[in-house]
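First the structure, in the form of structure tokens, and then the observations on it.
The values are calculated or read from the model by the stated rules, or taken from the named source; none is laboratory data. Just so you know, these numbers come straight off a predicted model, no measurement behind them. FYI the Cβ positions are ideal-geometry reconstructions off the backbone, even for glycines, and counts take in every protein chain you see. When the accessible area is computed, the model is the full protein with side chains, heavy atoms only, and any ligands, DNA or RNA have been set aside. Shrake-Rupley method; radii C 1.70, N 1.55, O 1.52, S 1.80 Å.
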Amino acid sequence: MTDTITIRRPDDWHVHFRDGAMLQSAVPFTARQFRRAIVMPNLVPPVTTVDAARAYRDRINMAVPDGIDFQPLMTAYLTDTIDAGELARGAEEGVFTAVKLYPAGATTNSDSGVTDLKQVTAVLECMQAIGLPLLLHGEVTDPEVDIFDREARFIEQKLIGLRADFPELKVVFEHATTKDAVDYVLSQDSHMGCTITAHHLVINRTDIFKGGIRPHLYCLPIAKREVHRQALRAAATSGDKRFFLGTDTAPHPVHEKESDCGCAGIFSAPTAMQVYTQVFDEAGALDKLEAFASINGPGFYGLAANEGTVTLVRDVVEVPERVETAEGEIVMVFRPDAGLNWRIMA
Ligand code: NCD
Ligand code: ZN
């Protein structure tokens, strides 16, 4: 049995840092685990300008603990009215690494999102021309569509057409939760990437109701049936270049989770690499962990893989369930019910 594994330093291609007091608490967890992270722009108001992204990047950098080498990679929030010139300038000036598309109303802070892909044709043409990736929250928002079907419908109703109209546009299917998404990505060329969270590799939809309702396992896209979790595990641990690590760590204060209308989002930044390692270990695929965590993501984005390494050790560890912030506690930190059995070597 392998008891330690050393890989190149990993990156997280999907994080929510928030702002203010929450950002101060959230950033150090990600910075301790990852060398770079794609930072989602769903603040209130959303990050839609180069100036706003630069200022947000400065606030994140200020929250990185001393002595830690961490680089936030910024994204712009796509709206119906955003100007292609602003995105092009942000890319040119090294501020925007990608652009995030939230269908309006799909998830937390997505009210300013895109109402119809037709609204953003000129912007997508520009992004395709300059090689700026489009990151998708892949769910339809029609309230008539069952919540468990929204991802599959998005592929049929939006993504297939989008890929046909913009075949050279780099597209990331973020936080895939279905076999449908995995199969679709596998049918596509290297312009298509896909992130997979740690929690969707661990929980299925039944876990959300295990012994009672578990608000801390509620996120969007919501976890699906076991067959989908198995497809995600197979994809992540396959080594296939199109699949890479993106935690979608999304902290909310406890009063917003444990509420009669609780927010979507799972906070996994403190435990993410340990959980991924555990999943790859269970699959007998520790030899594929580096590809998923450290190689495939930079490859897709056209960046160099990180120098330096991180070592994980098989070890039973207790992880605090709560994190204090000036905005209230974050409960819970994500972990498998059975506990964690890998830790990051200091
Ligand atoms: C995210 C958040 O809280 O910002 N929530 C979530 O459940 N993943 C938004 C998102 O990525 O959908
Ligand atoms: Zn997200």
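Of the residues making up the range 234-250, not one is part of a loop (DSSP other than H, G, I, E, B), open to solvent by less than 10 Å² (accessible area, probe 1.4 Å) and farther than 19 Å from Leu73 by Cβ.
Against the conditions (1) open to solvent by 10 Å² or more (accessible area, probe 1.4 Å); (2) of a type outside the set (A, V, I, L, M); (3) away from ligand 2 (no atom under 16 Å from the Cβ), Gly105 satisfies every one except (3).
Note on the range 243-257: residues that are among the hydrophobic types (A, V, I, L, M, F, W, C) and touching a helix residue (DSSP H, G or I) at 6+ places or on another chain (Cβ under 7 Å) total 3. Those strands (runs of 3 or more DSSP E) of the range 1-64 in which at least 1 residues are open to solvent by 50 Å² or more (accessible area, probe 1.4 Å), considering only elements entirely within it, cover 4-8. The residues of the range 95-147 that are without any contact (Cβ under 8 Å) to a residue 24 or more places away in the chain and within 14 Å of ligand 1 (Cβ to nearest atom) amount to a single one, Asp111.
For the range 213-231, a residue qualifies if it is within 15 Å of ligand 1 (Cβ to nearest atom) and in contact (Cβ under 8 Å) with a residue 40 or more places away in the chain, and the qualifying residues are Pro215, His216, Leu217, Tyr218, Cys219, Leu220, Pro221, Ile222, Ala223, Lys224. Scanning the range 290-346 for residues that are in a strand (DSSP E or B) and of a type in the set (Phe, Trp, Tyr) yields a total of 1.
A single member of Glu290, Glu324 is loosely packed, with under 15 Cβ neighbours inside 10 Å and either within 16 Å of ligand 1 (Cβ to nearest atom) or not small (Gly, Ala, Ser) (or both), and it is Glu324.
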